[in-house]
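Have a look at the structure below, then the notes.
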Amino acid sequence: MSKIHVTTTVNGDPAEFLATPGMTLLDALRDELGLTGAKEGCGSGDCGACSVIVDGRLVCSCLMLAAEAEGQRVETIEGMAQNGQLHPLQQKFLEHAALQCGFCTPGLLMGAKALLDSNPDPTETEARYFLAGNLCRCTGYDKVIRAVLDAAAELRQERTPA
Amino acid sequence: MSETLERPAAKADLQVVGTRPIRPDGADKVTGRAAYGADFNMPGQLVGKVLRSPHAHARIVSIDASKAKALPGAKAVVTAADFPDLASEVLEGGEQASNLRDLSLNVMARGKALYHGHAVAAVAAISSEVADEALSRIKVTYEVLPHVTEVEAAMAPDAPLLHDHLFTEGLEARPDKPSNVARRHRNLRGDPEAAFADADVVVEGRYVTPPVHQGYIEPQACVAAWAEDGRCDVWSSSQGQFMVRTYCAKVLGVEISDIRVTPAEIGGGFGGKTTVYLEPLALALSRASGHPVKMVMTREEVFRATGPTSGSVMNVRFGAKKDGTITAAEVELKFQAGAFPGSPVGAACMTALACYDVPNFLITGYDVVNNTPKVAAYRAPGAPIAAFAVESAIDDLARALSMDPIALREKNAVRDGTKASYGPTYQNIGYVETLAAIRDSEHYKAPLGPNQGRGVAVGFWFNVGGESTAAVNIAEDGSAVVVTGNPDIGGSRASMAMMAAETLGIPVERVRPMVADTASIGYSMLTGGSRTTFATGMAVVQAAEKVIADLKARAAKLWDVPADQVEWRGGEAICLDPKADKKPLTLETLAAQSARTGGPIAAQVSINAQGAGPGFGVHLCDVEVDPETGQVSVVRYTAAQDVGRAIHPSYVEGQVQGGVAQGVGWALNEEYIFDAQGQMENPGFLDYRMPVASDLPMLDAILVEVPNPRHPYGAKGVGEVPIVPPLAAVANALRGATGVRIPALPLSPPKVLAALDGAKAG
Ligand code: FES
Ligand code: FES
């Protein structure tokens, strides 16, 4: 089986790998690039544990072919903290205890980032609907939603010049 | 051994317990660094996959793997022939006792496949593609047998038999014929028939629940390596590395000393990871191939082949006096066990009436095998199912008596000194306090909107203690490493670190909690039964107390005063003898000088913890029904629970909220649907519908604290109680909203609509 040479950008850095034609972006990230932050909970687009952002769009990486990442900008959980500093969403997840087992957390954080990138001031209902593609079996979502809304408030404040 | 054991520390004296620090493993888990089951790899590893039965019940006539073995890149094929044929033996150590032979036959079918999805062979190959190809080349000849799915059908005298050797236990006389009923449980108190005859009001109902899955988001995953010298390493995601070690050794017939199991981070378990499926297969494949083997289940395999909990049919009857005194109860529980005996019907029988002080009752339970996956523990195994029936009937009783549902429960509540329906006498329970917390809540008084209804339900779980080991090692800078053998599923590292910090008198940030492999710490029972914070926490506290005793002795030596003149307070040794005029010695100072006072400072404690306090929960649920579609939405939810004392309140609230969410899913949407061939029709998250964020409101948790005197900081188990009441709380709310009792779960739109139409027509 001949492999496809894929050139892409992952978390701001150039990345290359060889993909079989059927390989998913999730498998490429995990097995070819060693980025195991994105998880496989279902492989069918139903749980969101594999969520990454590709060219600004939230995708289930288990549903996207690795070859389709050619020339795109891929953001994963590994790139969320910057310069040794947690992203406000990550910090708020910790402060609000918005994770128990933590398996859904990378996907939920990417989903929440995509939400706040497009809607800096979501209502609770908007946050719940936007994150409806990210299953969490542990938390009942209460603390997750609180963390997201709190992070949104903090990010808005950061953006407003004092 | 410790003076604090008999009396929990007063709350006002606590510095760390009861606060909400950031969990020690937090940064790893929000950055993707934490390594779960499938995140681990070994050089040269192969991919292992399982061939599963396409029939719900079939004799395996032959397996021909020659074509698979001949495939280039296929390195090994194993079948039941590669495992010892084990005798029946009861194994303790899981959340429920299990039988070794059944465990082994569930891991790999021998002679018969007992459910659709039952493993019949496994392969290891150089890639996923080659492994798939190898699986397709294995030729299994089956003789398809009639199968049975539903519990009452499986109990019928002419039902297809799963096991020829299964004779019902628990009857007065051993039956002369085998059947699918593995055991009958029976618990009689007083004279229920006479009490029913005497009752002013009698309510009764028949209730049905489908099998539901634990639904952890992380599928089972492991890597196993069998070295040339016979030593094995397993890396896997489970609720207990020691459980994996024991089970693998038994199933493979090897020595426990030859297996080391390293626990991966675990992506949820809820009881479902208290047993093994893949690990023995991966080990056998590694032995056969000479390579490490990695196996990861697909979601479909998780649904088809790992334990759901039982489906059930239940009959419940209550008799009461006009003033609300319950005088009689009859509870009959029929539970599906799946392919092998071991449904949680025993626990369901014990918990069914655990919240009620009833003088006359008969509880009967049936553990019934059928051709579906062998059930596994699911959070308070059995209790939510029984509570669905009992709490629905109690709700009907309150209506029949025109009594407030909480007042009715208060009138019949168990209290300290009440002899529990399952035997012991309650002590230090917080049930009436928890009822009062809901009665006095703002939610209970809030008005309802149109098409809304409100439901109350209560629940009980034993909580367990058991065997645990913990080590506390002091580093030369006075910081501490706490080592335990319990996987951290929901924040237990945080509670271990907090209890160690509280005891030692140092900031929690100075404690690093570790979960060690089976070769690095003494034995601990698995994380389950809501035992970790209680039992392993107790071991941690005792190890820290041992360290303190050592520190005091060292300070006494340095000061040249008698040991009893030294006290440990606020992280320092304090000299009680004013004449000696000594400045306190901090842990840091003592640690820095440890070489001069006897070497490294460390202690390890192994205990069999007793006295886990039982837990009670009282839940209040508001639903809104869409009369056009039958859609039921939970619009407000408050759960109160006696937690003993919350070590880290955020994670305790999280346990409560998570249990509620699972219970709401069970009530409204989740179910295994089998087709006529006994094949599960909905083995994916699209059709097996678990709650998503937009399905739920905020979930209010009220933590009631009636401390457990048997734990140094008053902790009771908290993780399981919260899934017990929601099924009935939701169902009772729906009854309130519609005036119709729907006694079968899930309360999905078509069923609700049909009931509403039926009520209109009737
Ligand atoms: S793994 Fe991609 S959505 Fe579940
Ligand atoms: S924290 Fe476990 S699935 Fe979300």
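The values are calculated or read from the model by the stated rules, or taken from the named source; none is laboratory data. Everything quoted here is computed from the prediction, not taken from an experiment. No Cβ is skipped: glycine too gets one built from the backbone with ideal geometry, and neighbour counts run over all protein chains shown. The accessibility values were calculated without ligands, DNA or RNA, using every heavy atom of the protein model including side chains. Shrake-Rupley method; radii C 1.70, N 1.55, O 1.52, S 1.80 Å.
Conditions first: (1) touching an Asp or Glu at 6+ places or on another chain (Cβ under 9 Å); (2) surrounded by fewer than 24 Cβ atoms within 10 Å (Cβ to Cβ). B:Leu727 passes all but one, so which condition is the exception?
With respect to (1) touching an Asp or Glu at 6+ places or on another chain (Cβ under 9 Å); (2) surrounded by fewer than 24 Cβ atoms within 10 Å (Cβ to Cβ), B:Leu727 is out only on (2).
A:Thr20 versus (1) more than 7 Å from chain B (Cβ to nearest Cβ); (2) away from ligand 1 (no atom under 16 Å from the Cβ); (3) surrounded by 20 or more Cβ atoms within 10 Å (Cβ to Cβ): which is the lone unmet condition?
With respect to (1) more than 7 Å from chain B (Cβ to nearest Cβ); (2) away from ligand 1 (no atom under 16 Å from the Cβ); (3) surrounded by 20 or more Cβ atoms within 10 Å (Cβ to Cβ), A:Thr20 is out only on (3).
Going by the structure shown, is A:Phe103 assigned to a loop (DSSP other than H, G, I, E, B) and either more than 8 Å from chain B (Cβ to nearest Cβ) or within 16 Å of ligand 2 (Cβ to nearest atom) (or both)?
For A:Phe103, the condition - assigned to a loop (DSSP other than H, G, I, E, B) and either more than 8 Å from chain B (Cβ to nearest Cβ) or within 16 Å of ligand 2 (Cβ to nearest atom) (or both) - is met.
How about the range B:105-219: which strands (runs of 3 or more DSSP E) wholly inside it have at least 1 residues that are under 32 Å from the mean Cα position of the chain (by Cα)?
B:119-125, B:181-189, B:201-209
Yes or no, residue by residue, for (1) without any contact (Cβ under 8 Å) to a residue 40 or more places away in the chain; (2) within 14 Å of chain A (Cβ to nearest Cβ):
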site	(1), (2)
B:Arg206	no, no
B:Gly215	no, yes
B:Val223	no, yes
B:Gly230	yes, no
B:Ser238	no, yes
B:Tyr247	no, no
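Restrict the check to the range B:309-325 and report whether at least one residue is within 16 Å of ligand 2 (Cβ to nearest atom), under 30 Å from B:Ala744 (Cβ atoms) and of a type in the set (A, V, I, L, M, F, W, C).
no
Among the candidates A:Leu89, A:Leu108, single out the residue that is open to solvent by less than 10 Å² (accessible area, probe 1.4 Å), more than 7 Å from every other protein chain (Cβ to nearest Cβ), in a helix (DSSP H, G or I) and within 23 Å of B:Ile266 (Cβ to Cβ).
A:Leu108
Output the residues belonging to the range A:123-132 that are open to solvent by 10 Å² or more (accessible area, probe 1.4 Å) and more than 7 Å from chain B (Cβ to nearest Cβ).
A:Thr123, A:Glu124, A:Thr125, A:Glu126, A:Phe130
Residue under question is B:Gly269, and the condition is that it be open to solvent by less than 10 Å² (accessible area, probe 1.4 Å), within 14 Å of chain A (Cβ to nearest Cβ) and either touching a helix residue (DSSP H, G or I) at 6+ places or on another chain (Cβ under 7 Å) or within 16 Å of ligand 1 (Cβ to nearest atom) (or both); does it hold?
No: the conditions fail for B:Gly269.
A:Gly45: among the small types (Gly, Ala, Ser), surrounded by fewer than 21 Cβ atoms within 10 Å (Cβ to Cβ) and more than 20 Å from A:Gly133 (Cβ to Cβ), yes or no?
Taking the combined requirement at face value, the residue does not satisfy it.
Tell me which of these A:Ala98 doesn't satisfy, since it passes every other one: (1) in a helix (DSSP H, G or I); (2) more than 16 Å from ligand 1 (Cβ to nearest atom); (3) of a type outside the set (S, T, N, Q).
(1)
Has the range B:439-450 got any residue that is buried (at least 20 other Cβ atoms within 10 Å of the Cβ) and not basic (Lys, Arg)?
No, the conditions are met nowhere in the range B:439-450.
Please enumerate the residues belonging to the range A:37-65 that are touching a strand residue (DSSP E or B) at 6+ places or on another chain (Cβ under 8 Å), more than 9 Å from ligand 1 (Cβ to nearest atom) and within 14 Å of another protein chain (Cβ to nearest Cβ).
Once the filter is applied, which keeps residues that are touching a strand residue (DSSP E or B) at 6+ places or on another chain (Cβ under 8 Å), more than 9 Å from ligand 1 (Cβ to nearest atom) and within 14 Å of another protein chain (Cβ to nearest Cβ), the range A:37-65 yields A:Val52, A:Ile53.
Across the range B:651-671, which residue is farthest from the other protein chains (Cβ to nearest Cβ) among those that are open to solvent by 10 Å² or more (accessible area, probe 1.4 Å) and outside any helix (DSSP H, G or I)?
Top of the filtered list is B:Glu671.
Under 8 Å by Cβ, and 6 or more places apart or on different chains, what pairs join a residue from the range A:48-60 that is touching a residue at least 60 places away in the same chain (Cβ under 8 Å) and assigned by TED's automatic domain parsing to the domain that holds A:Glu70 with one that is assigned to a loop (DSSP other than H, G, I, E, B) and within 6 Å of ligand 1 (Cβ to nearest atom)?
A:Gly48/A:Gly41; A:Ala49/A:Glu40; A:Ala49/A:Gly41; A:Ala49/A:Cys42; A:Cys60/A:Gly45; A:Cys60/A:Gly48; A:Cys60/A:Cys50
For the list (1) in the same structural domain as B:Tyr356 (by TED's automatic domain parsing); (2) among the small types (Gly, Ala, Ser); (3) open to solvent by 10 Å² or more (accessible area, probe 1.4 Å), I need the number of the one condition that B:Ala457 fails.
(3)
Can you confirm whether B:Val151 is buried (at least 20 other Cβ atoms within 10 Å of the Cβ) and out of contact with any helix residue (DSSP H, G or I) (no Cβ under 8 Å at 6 or more places or on another chain)?
yes
Could you give me the residue pairs with C-beta distances under 6 Å whose first residue belongs to the range B:276-304 and is surrounded by fewer than 24 Cβ atoms within 10 Å (Cβ to Cβ), whose second residue is among the basic types (Lys, Arg) wherever it lies, and which are 6+ apart or on separate chains?
B:Ser289/B:Lys75
Can you tell me which residue within the range B:249-263, out of those that are closer than 27 Å to A:Gly102 by Cα and surrounded by 24 or more Cβ atoms within 10 Å (Cβ to Cβ), is farthest from the other protein chains (Cβ to nearest Cβ)?
B:Val261
Please specify each residue of the range B:505-547 satisfying the condition of being open to solvent by 20 Å² or more (accessible area, probe 1.4 Å), part of a helix (DSSP H, G or I) and among the polar types (S, T, N, Q).
Result: B:Thr533, single match.
Out of B:Gln657, B:Gln679, I need the residue that is within 30 Å of B:Ala113 (Cβ to Cβ) and either in contact (Cβ under 8 Å) with a residue 12 or more places away in the chain or in contact with a Pro (Cβ under 6 Å, 6 or more places away or on another chain) (or both). Which one?
Answer to the check: B:Gln679.
Scan (1) more than 9 Å from ligand 1 (Cβ to nearest atom); (2) surrounded by fewer than 16 Cβ atoms within 10 Å (Cβ to Cβ) for the single condition A:Leu25 breaks and write down its number.
Of (1) more than 9 Å from ligand 1 (Cβ to nearest atom); (2) surrounded by fewer than 16 Cβ atoms within 10 Å (Cβ to Cβ), only one is false for A:Leu25: (2).
Which residues, counting only those in the range B:324-362, are aliphatic (A, V, I, L, M) and open to solvent by 20 Å² or more (accessible area, probe 1.4 Å)?
Hits for the range B:324-362 are B:Ala347, B:Met350, B:Leu362.
Okay, residues lined up against (1) without any contact (Cβ under 8 Å) to a residue 24 or more places away in the chain; (2) crowded, with 22+ Cβ neighbours inside 10 Å; (3) more than 16 Å from ligand 1 (Cβ to nearest atom):
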site	(1), (2), (3)
A:Ala81	yes, no, yes
A:Ala112	no, yes, no
A:Asn134	no, yes, no
A:Ile145	yes, yes, yes
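Those residues that are more than 16 Å from ligand 2 (Cβ to nearest atom) and open to solvent by 30 Å² or more (accessible area, probe 1.4 Å), I need them from the range A:28-42; list them, please.
A:Asp31, A:Glu32, A:Leu33, A:Gly34, A:Leu35
Name the residue that is nearest to the other protein chains (Cβ to nearest Cβ), counting only residues in the range A:74-86 that are away from ligand 2 (no atom under 16 Å from the Cβ) and in contact with a strand residue (DSSP E or B) (Cβ under 9 Å, 6 or more places away or on another chain).
A:Glu78
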